[in-house]
Amino acid sequence: MLDAKGICSGYRGVTVIKSLDLSVGREVFAVLGANGAGKSTLLATLARLIPLMSGELWFQGEDISRVPSWVSAARGIGYVPQEKGIFPGLTVLENLYVGAMIGSRSREDRLDEVIELFPDIGERRNQLAGTLSGGESRMVACGRALMQDPRLLLLDEPTAGLAPKYVDSFFDKIREIHRTRDVSIILAEQNATKALEVADRVVVLSLGEASAIMDAADVTTEKLKEGYRI
Amino acid sequence: MSLDWLSAFLIYALFTVAGTVGMAQFLHLQMGLAGIGNFGIVGFFGLGMYTYGVFIRRIPWPDAMGDILPFVISMLAAVVVTALAGMLIGWFISDLDGDGVLVGTLGFATVVYSLALSEKRWTGGAEGMAVTDPVGFGTKGNSLFWLGLMLLLVVAATYYVARVHRSPYGRLLVAIGQNEPLARSLGKPTFGIKLSLFAIGSAGMGLIGAIFAVMNHFIRPTEIGIEVTLAVMVGLVLGGSARVWGAVVGVLLTAGLFDIVVQIYLPLPDSWYQITLPVVREMVFGAMLILVLLWRPLGVLGDMRRDKLVARLGRG
Ligand SMILES: Nc1ncnc2c1ncn2[C@@H]1O[C@H](COP(=O)(O)OP(=O)(O)OP(=O)(O)O)[C@@H](O)[C@H]1O
Ligand SMILES: [Mg+2]
C-alpha cells in the first residue's frame, strides 16, 4: 500500500525525519514517540504537505514522491492533522461536504456512514465548526477525511486532550473504520498503551529516527523503552 | 416614452455605480469567499482601460475594418491582458499571508498608475488620450447603450456569483480562505483554483475598465486613483459577502446614495463639486466602514445567509 524508502524531510534547514524506511499494508500502523520526535512531520510528509528532501514514496504501486498533496489526496490518502483539522467558518455539514468532492460514490451515502459512525456530529450538523468542542471538532475532522473515501487514513493524535471515555470510544471507532471500510490507518500517538491495543504493528520515532518495526502483539516494555531511548 | 428625466449626468452616475457593483461582485469571489484581500482592484480596472486605449489608438487599423472590429479586438485584448496580469499577480501572492497580499496587490495598482503616467508615447501621460465611440446612436443613445451593456455585465456577474454560492466550488473557495493548508489535502488543486479565480476576477475588472474608457471618451491617470478601489471595497464590506446581494446593496448604499442621490438631487452649491464633495465622500465612506465593522462585521446582510443556506443543506 504505502512504501517509504529512505525518506528525509523537515523544515527550512532542519532535517527532522532522517532516512526512514516504512512499509504499511492493510493494517492499523501506530507511530509512537515523545513530543518533538517527528510524528507530525512524518504524517505531513506522507500527506505530501511537506516536500521530501530525499528518498522515495510509493502508494499503491505509484511513485508519489513529487506529486502535490491534492494529487495524493485524490488517489486516496486522507489526512487528519493534529491541529486545525476543520474549516471553522463552515458548518459541520459543509465541512463534511467539502470532503466529498472526490470519489464516485454518492455524497449522501457517505454522509450517512459518517454520521452512523459519529452520531454526535450528526446532531450538530448545522452548527459552525468553529464553535465545536475539541472532541467534536476531532470527530468532524475525522469525518471529513472519511468523506474522501480514502484507502489510507493518516491520523495525527486524534485523541489528544479528550476525556478518557471519548478516548476509548475513539479507538474503538478507529478499529471499526479499519475493519468495516477496509481502510489502512497510520496513527501517530503519544499514548503507547492505547495505541498497542488498536494497532497491528508499531514503530517508535526518536529524534526523527525509527526503531525497528514491531508487531503490536509481542511488544514488550523493554523493546518500547529501547525505541524511546529512555 | 420620454427619457428626459435621464440627464447625461444621471446616466453617467448610474454607469459608474453599475461598474462599481460589477467589480464588487468579482471582489466578492476573491475576498468574500476565498479570503484573498485584493487591494489592487483599480490596477486591473486601469490596466483594462489602458489596454483598450493603447490598442484602439496606437494600432493603425485599416479603414476597411470599420469601427466595430477594432473595438471588439481591443476589448478582447483588454480582457486577455488583465486575465494574464491577474494570473501573474495571483501566482506572486499565492504564498503570502494577508498583509503580503495587501501590499502586493496595492503595489500592482501603483505600478499600473505609474506606467500610465510615465509611458507617454503609449498612454499620453498625465494628459491622457481620447477614445472615440464605435457605436452611432447619438450622444444620449450611446451613453444609454454603454449603460445597458454595463448593466448586462453586472447581471451576468451577479448570476455567476449566485451560481458559485450554491455550488461545491463555492464551498471549496470558502474552505481555501478559511484553512488553506487543510484545503490542500481535499483532493482538489487549490493553487490552480486560486489562480483561475484571480484571472477571472481580474479579467472582469479589466473589461469594466475598458467599457468605462469608451463611455468616458477619455483615458487619463486621474480615473485610476485609489478611490476606485475604496468604493468597491467599502461597498462590498458594507453589504457583506455572506450573500449574493451583498455587493449590490452595499454599493447602492454607498456610491449609489452619494453619487446619485446626494450629487444629483440635493441642491448643493456648485462650488462644492470640485473639492468638497470628493473629500466628504471619502470621509463618509471611511466612517461607514468603521461603523459596519464595529456593529455588523458580516455586512448589513450578514448573518442572514447562514440560516438560509443551513436550512437548505439541512433539508438535502
Ligand atoms: N514549521 C516548523 N519549522 C521548524 N521546525 C519545526 C516545524 N514544525 C515542527 N518543527 C520541529 O520538528 C520537530 C518535530 O516536530 P513534530 O511536530 O513532528 O513532533 P511530534 O512528534 O509530532 O510532537 P508532538 O507529540 O508534540 O506532536 C520538533 O523539534 C519541532 O520543533
Ligand atoms: Mg505532533
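The values are calculated or read from the model by the stated rules, or taken from the named source; none is laboratory data. Please read all numbers here as calculations on a predicted model, not as lab measurements. Cβ placement follows ideal geometry from the backbone for every residue including glycine, while neighbour counts extend to all protein chains displayed. When the accessible area is computed, the model is the full protein with side chains, heavy atoms only, and any ligands, DNA or RNA have been set aside. Shrake-Rupley method; radii C 1.70, N 1.55, O 1.52, S 1.80 Å.
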Check: Which parts of segment A:102-138, residue by residue, lose 10 Å² or more of accessible area when the rest of the protein chains are there, as against the chain isolated (1.4 Å probe)?
Finding: A:Ile102, A:Arg107, A:Glu108, A:Arg125, A:Asn126, A:Leu128
Item checked: Shape parameters for chain A, alpha-carbon atoms, Rg then Dmax in Å -> 17.0, 49
Check: So who's got an amide H within less than 5 Å of the one on A:Ser19, skipping anything under 5 residues away but keeping other chains? H placed 1.01 Å off N, in plane.
Finding: A:Cys8, A:Ser9
Next item on the list: Calculate, for A:Asp172 and A:Asn126, the FRET efficiency according to 1/(1 + (r/R0)^6) with r their C-beta to C-beta distance and R0 30 Å; round to the nearest 0.05.
Entry: 0.65
Notebook entry, point to check: What relative contact order, as a whole-number percentage, does segment B:8-225 give when Cα pairs under 8 Å and 6 or more residues apart are counted?
Noted result: 45 percent
Item checked: Most positive-pole-ward Cα, B:Val292, B:Ile200, A:Leu57, against dipole of the protein assembly as shown from beta carbon charges -> B:Ile200
Note to self: With n ≥ 4 as the cut-off for DSSP H runs, can you work out [θ] at 222 nm for chain B, using -39500 (n - 2.57) per run divided by the number of residues, rounded to the nearest 500?
What the structure shows: -22500 deg cm²/dmol
Check: Hey, what angle do you get for helix B:190-216 against the long axis of chain B, alpha-carbon based, 0 to 90 degrees rounded to 10?
Finding: 30 degrees
Next item on the list: Measure nothing fancy, just the Cα-based angle from helix B:304-315's long axis to the longest principal axis of chain B, in degrees from 0 to 90, nearest 10.
Entry: 50 degrees
Next item on the list: Give the distance, in whole Å, between the Cα centre of segment B:1-63 and the Cα centre of segment B:222-239.
Entry: 12 Å
Notebook entry, point to check: How much accessible area per residue does segment B:8-225 have, in Å², with a 1.4 Å probe?
Noted result: 41 Å²
Margin query: Taking only complete DSSP H runs, can you tell me which helices of chain A stretch 18 Å or more along their own long axis by Cα positions and average at least 0.0 on the Kyte-Doolittle scale?
Written below: A:134-147
Note to self: Using +1 at the C-beta of Lys and Arg and -1 at the C-beta of Asp and Glu, which of A:Ser40, A:Val92, A:Phe170 has the Cα lying farthest in the positive direction of the dipole of chain A?
What the structure shows: A:Ser40
Checklist line | Whole-angstrom gap from segment B:155-197 to segment A:9-27, using each part's C-alpha centre | finding: 32 Å
Next item on the list: Can you tell me the dipole magnitude for chain B around its Cα centre, using point charges on the Cβ only (Lys, Arg +1; Asp, Glu -1), in Debye to the nearest 20?
Entry: 1120 debye
Next item on the list: Calculate the dipole size of the protein assembly as shown relative to its Cα centre from +1 charges on Lys and Arg beta carbons and -1 charges on Asp and Glu beta carbons; express the result in debye to the nearest 20.
Entry: 360 debye
Note to self: Sort B:211-220, A:163-172 by the packing proxy (mean of other Cβ within 10 Å over each peptide's residues), most packed first.
What the structure shows: B:211-220, A:163-172
Next item on the list: Pop out the ³J(HN,Hα) list for segment B:56-66 in order, Karplus 6.51 cos²θ - 1.76 cosθ + 1.60 with θ = phi - 60°, rounded to Hz; leave Gly and Pro as x.
Entry: 6, 8, 9, 8, x, 5, x, 4, 4, 6, x
Next item on the list: About the Cα centre of segment B:220-293, how large is the charge dipole given +1 on each Lys and Arg Cβ and -1 on each Asp and Glu Cβ? Please answer in debye to the nearest 20.
Entry: 200 debye
Margin query: Using a 1.4 Å probe and counting only protein heavy atoms, how much accessible surface gets buried when B and A come together, both sides summed, in Å² to the nearest 100?
Written below: 2200 Å²
Next item on the list: State log₁₀ I(q)/I(0) for segment B:45-128 at q = 0.10, 0.25 Å⁻¹ as given by the Debye formula over alpha-carbon point scatterers of equal weight, solvent excluded.
Entry: -0.32, -1.17
Item checked: Residues whose placed amide H lies under 5 Å from that of B:Phe218, excluding near-sequence neighbours -> B:Val131
Next item on the list: Quick one: work out the % antiparallel among DSSP beta bridges in the protein assembly as shown, nearest 5.
Entry: 55 percent
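Need one number for segment B:71-204: average projected area of the convex hull over its C-alpha atoms, nm². All intermediate terms of the calculation are to be shown ahead of the outcome.
Numbers: hull surface 41.5 nm².
The number I arrive at for segment B:71-204 is 10.4 nm².
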Notebook entry, point to check: Per-residue mean of other chain beta-carbon atoms within 10 angstrom of the beta-carbon, peptide B:177-184?
Noted result: 6
Next item on the list: Please work out the C-alpha center-to-center distance from segment A:48-84 to segment A:174-227 and express it in whole Å.
Entry: 21 Å
Checklist line | Test item: A:79-89 mean partner chain Cβ contacts at 10 Å | finding: 4
Next item on the list: For the protein assembly as shown, go through all pairs of different Cα atoms, get the mean of 1/r, take its inverse, and jot down that Kirkwood value in Å.
Entry: 26.2 Å
Notebook entry, point to check: Which angle between 0 and 90 degrees, to the nearest 10, do you get for helix B:276-295 versus the longest principal axis of chain B when only C-alpha atoms count?
Noted result: 10 degrees
Check: How large is ³J(HN,Hα), in whole Hz, for each residue of segment B:79-90 in order, when computed from phi with the Karplus curve 6.51 cos²θ - 1.76 cosθ + 1.60 and θ = phi - 60°, using x for Gly and Pro?
Finding: 5, 5, 4, 5, 4, 5, 4, x, 5, 4, 5, x
